[in-house]
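Below is one structure; the comments refer to it alone.
The values are calculated or read from the model by the stated rules, or taken from the named source; none is laboratory data. The model shown is predicted, which means the values in this text are computed figures rather than measured ones. Note: ideal-geometry Cβ built from the backbone for every residue, glycine included; neighbour counts use all protein chains shown.
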Amino acid sequence: MPSPIHEALHHALRDDPELIGSALRHAAGVRLNVIKTEEITNDATSIQVTERRCDTVMRLEVEDHGTVILLVESQTRKDPDKETVWPQIVAHFQNRYDCPVILLVITQHEITAAWAHGPFSRSFAGLRASLVLCPTVVGPVTVPPITDPAQARADISDVVLSALVNGSSEDAPGILEALRDALNTLGEEERVARYAGLVQASLQNNPIALTLWEDIMSTSTQRFVSTAEARGEARGEARGEARGEARGRVAGEVKALLLTLETRGIAVTDEALERISGCDDLQQIEAWIVRAQGVTAVEELFD
């Protein structure tokens, strides 16, 4: 099962032109104004061929440059199998959509980032390789820690991206403080709540930073869980009673998941509520919270 960190890193870029632009600027040194995103199928499987998928696939419309397919892969470790799979996936989408394809790898680990840069190729007997893959990589080296509140307020996307890829570093607490100040200046409530949830999921390997961020979310303004929480507080309490006075972190994450779904206007059926409230697997609930950022129906959580 994909970890919350894995899910947060690639979900962060879905349908978020500013974060995509920030990621490409840091990774490749180019400034692109992404004016439209469209998520498309991530399935690159062909008949009688091993299943191949990317984490997220989007068609982007970029000002002055036209259309490009962006493949996003979240990597928590080196995976030599990807050196063979990735070229197949890139070739598939380039053939399917007849336009340039960029593979963007996002990671929190320097060693993984160094490996993912490639290039990946297979030569023979001194002959030049016919296929060479050079991924674009977003990681701790390309995205520096942003701990200056003024710098964070100047570019929300930069500090969010910094928090996501530097979540395992010792700089995480300073980044989170700067991120708090920056989010408090952002006028879009749903966007604030989305970023707060993604950052929380990305901090699972850094208990100190995770505790700090949870404290920030609980003691800062209601904007970190969106204004929908205030409207849904009574319903949230009723659900809490129905779940039998659940205690501890699992119960808190269940409530966070339900609030996320409510914020996004996703109806929760009785069957889905029973499955969610009956789950005591913390990692599973955290993965659902991340996935809830992009679903259109509650059933999609369980796919």
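Contact map, region 268-288: residues that are surrounded by fewer than 13 Cβ atoms within 10 Å (Cβ to Cβ) paired with residues that are among the hydrophobic types (A, V, I, L, M, F, W, C) and at pLDDT below 85, Cβ distance under 7 Å, separation 6+ or inter-chain. Pairs shown: Asp280/Val250.
The set of residues in region 151-173 being surrounded by 18 or more Cβ atoms within 10 Å (Cβ to Cβ), touching a residue at least 24 places away in the same chain (Cβ under 8 Å) and not in a loop (DSSP other than H, G, I, E, B) consists of Ala152, Ile156, Ser157, Asp158, Val160, Leu161, Ala163, Leu164, Val165, Ala172. Would you be able to say whether some residue in region 124-136 is surrounded by 16 or more Cβ atoms within 10 Å (Cβ to Cβ), in the same structural domain as Thr67 (by TED's automatic domain parsing), over 22 Å from the mean Cα position of the chain (by Cα) and more than 28 Å from Val192 (Cβ to Cβ)? Yes, there is a match, as at least one residue in region 124-136 is surrounded by 16 or more Cβ atoms within 10 Å (Cβ to Cβ), in the same structural domain as Thr67 (by TED's automatic domain parsing), over 22 Å from the mean Cα position of the chain (by Cα) and more than 28 Å from Val192 (Cβ to Cβ).
All conditions in (1) at pLDDT below 90; (2) out of contact with any Leu (no Cβ under 6 Å at 6 or more places or on another chain) hold for Thr142, with the sole exception of (1). Looking only at residues of region 268-293 that are part of a loop (DSSP other than H, G, I, E, B) and closer than 23 Å to Glu188 by Cβ, we find that the one that is modelled with the highest pLDDT is Ala292. Would region 244-251 turn up any residue that is in a helix (DSSP H, G or I), surrounded by 15 or more Cβ atoms within 10 Å (Cβ to Cβ) and modelled with pLDDT of 80 or more? No - not one qualifying residue is present in region 244-251.
When we screen Asp181, Asp148, Asp158 for residues that are among the acidic types (Asp, Glu) and within 25 Å of Val101 (Cα to Cα), the only hit is Asp158. In a residue-by-residue description of region 208-222, the property of being out of contact with any strand residue (DSSP E or B) (no Cβ under 7 Å at 6 or more places or on another chain), of a type in the set (S, T, N, Q) and modelled with pLDDT of 85 or more applies to at least one position. Here Val49 meets the list (1) more than 14 Å from the chain's Cα centre (by Cα); (2) at pLDDT 90 or above; (3) of a type in the set (A, V, I, L, M) almost entirely, failing just condition (2). The strands (runs of 3 or more DSSP E) located wholly in region 35-150 that include 1 or more residues which are more than 24 Å from Ala201 (Cα to Cα) and out of contact with any helix residue (DSSP H, G or I) (no Cβ under 9 Å at 6 or more places or on another chain) occupy 56-62, 66-74.
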